[in-house]
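Every number here is computed from the coordinates shown, using simple stated rules; none is lab data. Everything numeric in this text was worked out from a predicted model, so none of it was measured. Cβ atoms come from the backbone with ideal geometry, glycine included; neighbour counts cover every protein chain shown.
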Amino acid sequence: MARRYDSRTTIFSPEGRLYQIEYAMEAISHAGTVLGVLAKDGVVLAAEKRVTGKLLDLSSAKEGGGYGGSGEKMFLLNSNVIGGVAGITSDANSLVNYARTVAQQHLLQYNDDIPVELLAQRLCDMKQGYTQFGGLRPFGVSLLYAGYDPHYHFQLYHSDPSGNYSGWKATCIGANNGTAQSLLKQEYKDDLGVEEAIGLVLRVMSKTMDSTTLGSEKLEFAVLTYDQVAKAPKAKIYKPAEIDALLRAEGLAKKDEDTEMK
Amino acid sequence: METSFALTGKGYVIVAADTTAARSIVKMQIDQDKIKELSPHLLMAYSGEPGDTVQFAEYVERNIRLYQIRNLYPLRPAAAASWIRRSLAESLRSRNPYSVNLLLGGYDASSHTPNLYWIDYLGTVVEVPFAAHGYGSYFALSLLDRYHDPEASLEEGLANLKRCIDEVAKRLVVNPGKYKVKVVDKDGIREVEI
C-alpha cells in the first residue's frame, strides 16, 4: 500500500513513514551478518562473507601487506577504528572511503585520532542528508564501528540508512540479526575480557551463519585493542590463515573431509 | 612591552600576563585581561599586534568552544594546539596574516597531565615545561632555567612566578606593573593573587 510515496526519499508517506529508508533496511537484512561485542580491554567484530567461491581471487588478501580483510566486510577506517559493513557493497565502499577521508581531515586539523563517536556522527550526518535533500536514494548500508579513543576508551556503535546511530555493548546487523541479538542478550556479561569476547562472538556466529561450519572462507574477523607499550590503539583485521588458527584454538574449526568419512 | 609567562608543575599550569594596554608612551588601561579561557581546562595568553590579538584570540576561543558543544567532549590541549598552529600557519601565507603570539596552558583530563605550548605568529608550536613572550622573556627564561621544577607544588610554582615578575620589574625599562595570574588543574580554571 501507499506505493505512490515510495519513489522519492525526500517525502513522507501519509502515515508519516519514509519508505525508502525502510526498503534500504530491508536490503540490509539480506546481507551477510556482522556481529560486534565490546569487552573491557577491546572490541571484537566478526562478519559472514557472501562473496565466496573457488574462482574468487583473494591472493592479495592472503599474502599481501595491506591492513587485512578481503575488502568485503571489514575495513580499517582509521588507526583507532575498524568498520564492519552490511548491505549494498558498492554503497558501503563509498561510505568507507568517506569515513577514511573524514578521519584524515580530523588528523590534519587536530593532529589527533578522531574520536569514535565523532566519526560515526559524521557518517550519519551524511546519510541523513541523503534522506532529506537531493532526491537521491539512501545508502543501503548499516555499519558497526569498533574503536578506541582516550575519552571513552573502547566503544561500539551501529549506524543505519536513516542516519541514526547508537552505542552498544553487543549488537548484530545483517541476516539473522534477530537470532544473534537474542543470543548475545543471553550470553553477554558486563566485564568480559577480549579473549572471552572472541569466544562469544565465534560461538554466536557459528549458530547464526548460513553455512554449517566456520572457516576463513566465509568468516572475516577483527579485534581492536590497546597496545600498552606503544601507548596507542591496535587495530587488527585477521588474515585467512590467522582466522583458521583462531578457529582451531577455539575448537570450532571445520573437520577434515577425510577423517569424517572414516 | 607585553609580557607573559607560563610554567607547569605537579598537576597544574600557571599562566600569567601583564594587564597594561598601552599605545606609544601612554598607558590606556591597567586592568586588561589577556588570558582567554578556551574551555574548562584550557588557558591561552595572547600578545602581539593590537587588534590582531583580540580578533585571533576570540576566533580561537569561539571555535574551541564550538567543538566542545558540538562534539560533547572538549579538545585536549595537544589537539587544540595543533588546531591553533594550523590556523596561524594558514594565516601566514594569506594576504593579511595575524601577528599574534600565544601561550597555551591546559590540563589533559584523559592522561591527567598538565601541558604547556609556546606558539608564535609563524605557527611555531613547541611543548615546553615553562615559557614566556615579550621582553620579559629575556629575564624570565634564565630564572626558570635555574629554578623551575616540573614536580613543584602550586605554592612553589607561584613563588617561581613571583621571582620572574620581580626581576622584570627590577630590570625592564617599562615596568608592566600588575599581572593577571590564572591556574588550570584537574578542577578547572581559577584566578590567583600573586
Comparing A:G71, A:G215, A:G84 in a Gaussian network model of chain A (Cα, 10 Å), the one with the largest mean-square fluctuation is A:G71
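Using r as the Cβ-Cβ distance of B:L92 and A:R248, and R0 as 45 Å, what FRET efficiency do you calculate, to the nearest 0.05?
Details: r = 58 Å, r/R0 = 1.29.
Using R0 = 45 Å, I get an efficiency of 0.20.
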Taking Cα atoms, the helix A:240-250 axis meets the longest principal axis of chain A at an angle in degrees (rounded to 10) of 70 degrees
Helix-only [θ] at 222 nm, chain A, -39500 (n - 2.57) per DSSP H run of 4+, per residue, nearest 500, equals -11000 deg cm²/dmol
Once both label points are put 7 Å beyond Cα along the C-beta direction, the A:N97-B:S142 separation in nm becomes 6.1 nm
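With contacts defined as alpha carbon pairs under 8 Å and 6 or more residues apart, what's the relative contact order of chain A in percent?
27 percent
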With DSSP loop assignment and no more than 13 other C-beta atoms within 10 Å, the GluC sites (Glu not before Pro) in the stretch B:95-194 are B:E151, B:E193
Taking a crude spin-label model, label points 7 Å out from Cα along the C-beta direction, the A:S29 to A:N164 distance in nm is 1.4 nm
If one builds a Gaussian network model of chain B from Cα atoms under 10 Å apart, the most fluctuating residue listed among B:D18, B:D120, B:D31 is B:D31
Which of A:G147, A:G87, A:G199 fluctuates most in a GNM of chain A (C-alpha springs under 10 Å)? That residue is A:G199
With label points set 7 Å from each Cα along the Cα-to-Cβ direction at B:K170 and B:L72, the distance between them in nm comes to 5.4 nm
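Compute the longest continuous run of chain A that contains no exposed GluC sites (Glu not before Pro); treat a site as exposed when its DSSP state is not H, G, I, E or B and it has at most 11 other Cβ atoms within 10 Å.
Working: sites that count: A:E15, A:E63.
Within chain A, the longest run free of exposed GluC sites (Glu not before Pro) spans A:64-262.
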Taking chain B and counting helices only, DSSP H stretches of n ≥ 4 at -39,500 (n - 2.57) each over all residues, the nearest-500 ellipticity at 222 nm comes to -11000 deg cm²/dmol
Any DSSP H helix in chain B with Cα axial reach of 20 Å or more and mean Kyte-Doolittle score of at least -1.0? Listed by number, the hits are B:52-71, B:77-92, B:154-171
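Given axes a ≥ b ≥ c from the Cα gyration tensor, I'd like to know whether the stretch A:143-261 is rounded (a/c under 1.5), prolate (a/b larger than b/c) or oblate. Write out the running numbers ahead of the final one.
On the way: a/c = 2.02, a/b = 1.36, b/c = 1.48.
Note, shape of the stretch A:143-261 comes out oblate.
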